[in-house]
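Student: I have a structure I would like to understand better, so I am pasting it below and will then ask my questions one at a time.
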Amino acid sequence: MMSQRSLPLVPVLCGAALGAGLVYAALPASVKVDKGQAAFTDYRRQQPGTVRKITLADLPQPYATQAVDNGPRLVPRPADAWPQAPPGFSVTEYATGLTNPRLVRTAPNGDLFVVESEPGRIRVLRGMNANPHAEKMEVYATGLSQPFGIAFYPPGPNPAWLYVANTDSVVRFPYHNGDMEAAGKPETVVAKIPGGGRLRGGGHWTRDLAFSSDGARLFISVGSHSNVDDTDNNPEEYHRADILVAKPDGSGLEVYAWGIRNAVGIAVHPQTGQLWASVNERDNLGDNLVPDYITHVEPSGFYGWPWFYMGGHWDPRHQGKHPELQSRVLTPDVLLQPHNASLEMTFYEGTQFPAEYRGDIFAAEHGSWNKAVRTGYEVIRVPLAKGHATGEYEDFLTGFVTPSGDVWGRPVGTAVAKDGSLIVTDDGSDTAWRVAYGR
């Protein structure tokens, strides 16, 4: 089933070709909204501007298809490959030669802080030369333990600290606008959070951070240790598969919301103050289960993991357990492709993009390993109407998979630069891409 939304016809530019990274295209007169079974897709049908909406009614039964192990085969970027954006946008390389670039955040002065998780360091990118590449790139801090999330504190134009989430702790560095190197040694804020591991072999290791709008609360996301272990019987799951909250000094640590398998990216809505999360759901129930999701997060909210998924559907591996919790399962706002691996998200507060983009979410989809035909490997846009999701999402930046199914790029982080362009980190090609409107 498909519906259409009208858009104006204008001559525009589009990111594609090598060199300047530009081709010319015309904005289409309408955008199709794929619904029902047409909403489930893979890389072959991803196209910038395509909109999808998955609902609970569209979900198949568990094991409708066989679970597979289909991890990506990374290849160098082919000569004819380039990220594809909607008409009107250009795509260029902002920084190359990074090492495992993961989360990216914009400092109040416009510097871009990129976390390189495997080397355990943070880089700072500043400015833009005529190419247009980052004018300066410096190492801010080293010696960190699988870092991922960072946050500036207090919120506002003049932070005094840069908070960093290691996999097993939260630390902070003294910070003043313009610092490109840490001004002091890290101070431990939260000495111990459940840490470590890799997706295959035990544990989601990424931890993201966000401060409430008033700066009174520090949110910390912690993924599960397993795919779907029963938390009643696995002590490794204590204080995992949830979002924790503490005071900025680390005291008063407690669970803010739970049953969230892996909220890799979290962010606070700049107007409503609501906490939002970009979540990886469970695997091995088939190609089209269970959807990843993006949602606002309710205080004390329960999102089902491991016993339930998506509005109280029982996971067959835990059938009959904890019936008292079934009615408490919250349904996420936006259901994404199952196995997309939804990572960092950001709210677009720039003014460079057309007005209809303002306030919307951009999220990086790292890509599937548990689906027969690959999905994800893109950046999506989630439209919001007065701070509320419509349930739809749109392919925004695609092209990281070759026609034969090899993968050359894997989006991880999204941030809005000072000039309103979108910065996307890609740990497949070790690049930070810049998506701008017009030339």
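Student: Tally the residues that are among the hydroxyl-bearing types (Ser, Thr, Tyr) and assigned to a strand (DSSP E or B), restricting the search to the stretch 98-124.
Tutor: So in the stretch 98-124, the residues among the hydroxyl-bearing types (Ser, Thr, Tyr) come out as 99, 106, 117.
Next, only the ones that are assigned to a strand (DSSP E or B) stay: 106.
Of the residues in that region, 1 qualify.
Student: Could you tell me which residue of the stretch 67-76 is farthest from Tyr94 (Cα to Cα), considering only residues that are touching a Gly at 6+ places or on another chain (Cβ under 7 Å) and in a loop (DSSP other than H, G, I, E, B)? Show your work before the answer.
Tutor: Keep residues of the stretch 67-76 that are touching a Gly at 6+ places or on another chain (Cβ under 7 Å), which gives 67, 72, 74.
Imposing the further condition that a residue be in a loop (DSSP other than H, G, I, E, B) reduces the set to 67, 72.
Values: Ala67: 38, Pro72: 25 Å.
The residue in question is Ala67.
Student: So, in the stretch 424-435, of the ones that are of a type outside the set (S, T, N, Q) and in contact with a Gly (Cβ under 8 Å, 6 or more places away or on another chain), which residue ends up surrounded by the fewest Cβ atoms within 10 Å (Cβ to Cβ)?
Tutor: Within the stretch 424-435, the first condition is being of a type outside the set (S, T, N, Q), and the residues that meet it are 424, 426-428, 430, 432-435.
Now restrict to residues that are in contact with a Gly (Cβ under 8 Å, 6 or more places away or on another chain): 424, 426, 428, 430, 435.
Details: Val424: 29, Asp426: 26, Gly428: 21, Asp430: 16, Val435: 26.
Out of the qualifying residues, it is Asp430.
Student: Keeping to the stretch 333-356, report how many residues are under 15 Å from Val435 (Cα atoms) and in a loop (DSSP other than H, G, I, E, B).
Tutor: 7
Student: Among the residues of the stretch 351-359, is any within 25 Å of His204 (Cα to Cα), in contact with a Lys or Arg (Cβ under 9 Å, 6 or more places away or on another chain) and surrounded by fewer than 16 Cβ atoms within 10 Å (Cβ to Cβ)? Show your work before the answer.
Tutor: Going through the stretch 351-359, the residues within 25 Å of His204 (Cα to Cα) turn out to be none.
Scanning the stretch 351-359, I find no residue that is within 25 Å of His204 (Cα to Cα), in contact with a Lys or Arg (Cβ under 9 Å, 6 or more places away or on another chain) and surrounded by fewer than 16 Cβ atoms within 10 Å (Cβ to Cβ), so the answer is no.
Student: Name the single residue that is modelled with the highest pLDDT among those in the stretch 360-370 being surrounded by fewer than 23 Cβ atoms within 10 Å (Cβ to Cβ) and not polar (S, T, N, Q).
Tutor: From the stretch 360-370, those surrounded by fewer than 23 Cβ atoms within 10 Å (Cβ to Cβ) are 360, 369-370; that's our starting set.
Narrowing further to those that are not polar (S, T, N, Q): 360, 369.
On the way: Asp360: 98, Trp369: 95.
Restricting to residues being surrounded by fewer than 23 Cβ atoms within 10 Å (Cβ to Cβ) and not polar (S, T, N, Q), the top hit is Asp360.
Student: Give the residue that is surrounded by the most Cβ atoms within 10 Å (Cβ to Cβ), with candidates limited to residues of the stretch 51-87 that are of a type outside the set (Gly, Ala, Ser) and under 19 Å from the mean Cα position of the chain (by Cα).
Tutor: Start the filter on the stretch 51-87 by keeping residues that are of a type outside the set (Gly, Ala, Ser), which leaves 51-56, 58-63, 65-66, 68-70, 72-78, 80, 82-84, 86-87.
Cutting the leftovers down to under 19 Å from the mean Cα position of the chain (by Cα) gives us 51-54, 72, 83-84.
Numbers: Val51: 22, Arg52: 24, Lys53: 19, Ile54: 26, Pro72: 20, Pro83: 28, Gln84: 22.
So the residue we want is Pro83.
Student: Going by the structure shown, is Gly420 touching a strand residue (DSSP E or B) at 6+ places or on another chain (Cβ under 9 Å), in a loop (DSSP other than H, G, I, E, B) and within 18 Å of Arg44 (Cβ to Cβ)?
Tutor: Values: touching a strand residue (DSSP E or B) at 6+ places or on another chain (Cβ under 9 Å): yes; in a loop (DSSP other than H, G, I, E, B): yes; within 18 Å of Arg44 (Cβ to Cβ): no.
Here the answer is no, as Gly420 does not meet what is asked.
Student: Report, by residue number, each residue of the stretch 107-134 that is closer than 17 Å to Ala165 by Cβ and buried (at least 19 other Cβ atoms within 10 Å of the Cβ).
Tutor: Going residue by residue through the stretch 107-134, those that are closer than 17 Å to Ala165 by Cβ are 107, 113-123.
Within the stretch 107-134, Ala107, Phe113, Val114, Val115, Glu116, Ser117, Ile122, Arg123 meet the criteria.
Student: Kindly provide the set of residues from the stretch 362-393 that are within 22 Å of Ala432 (Cα to Cα) and in contact with a His (Cβ under 9 Å, 6 or more places away or on another chain), ordered by number.
Tutor: Residues of the stretch 362-393 that are within 22 Å of Ala432 (Cα to Cα), as a first pass: 362-368, 375-382.
Across the stretch 362-393, the qualifying residues are Gly367, Ser368, Thr375, Gly376, Tyr377.
Student: Then there's this: Count, please, the residues in the stretch 216-256 that happen to be in contact with a Phe, Trp or Tyr (Cβ under 7 Å, 6 or more places away or on another chain) and under 24 Å from His322 (Cα atoms).
Tutor: So the answer is 6.
Student: Hand me the list of strands (runs of 3 or more DSSP E) wholly inside the stretch 138-195 holding 2 or more residues that are of a type in the set (A, V, I, L, M, F, W, C) and without any contact (Cβ under 8 Å) to a residue 60 or more places away in the chain.
Tutor: Values: elements: 150-153, 161-165, 170-174, 187-190.
It comes to 150-153, 161-165, 170-174.
Student: Would you mind finding the one in Tyr94, Tyr163 that is of a type in the set (Phe, Trp, Tyr), buried (at least 22 other Cβ atoms within 10 Å of the Cβ), within 20 Å of the chain's Cα centre (by Cα) and within 19 Å of Ala210 (Cα to Cα)? Before you say what the answer is, go through the steps one by one.
Tutor: On the way: Tyr94 fails: within 19 Å of Ala210 (Cα to Cα).
One residue alone meets the criteria, Tyr163.
The values are calculated or read from the model by the stated rules, or taken from the named source; none is laboratory data. Everything numeric here is computed off the predicted structure, so don't read it as measured data. Note that each Cβ is placed from the backbone with ideal geometry, even for glycine, and that neighbours are counted across all protein chains shown.
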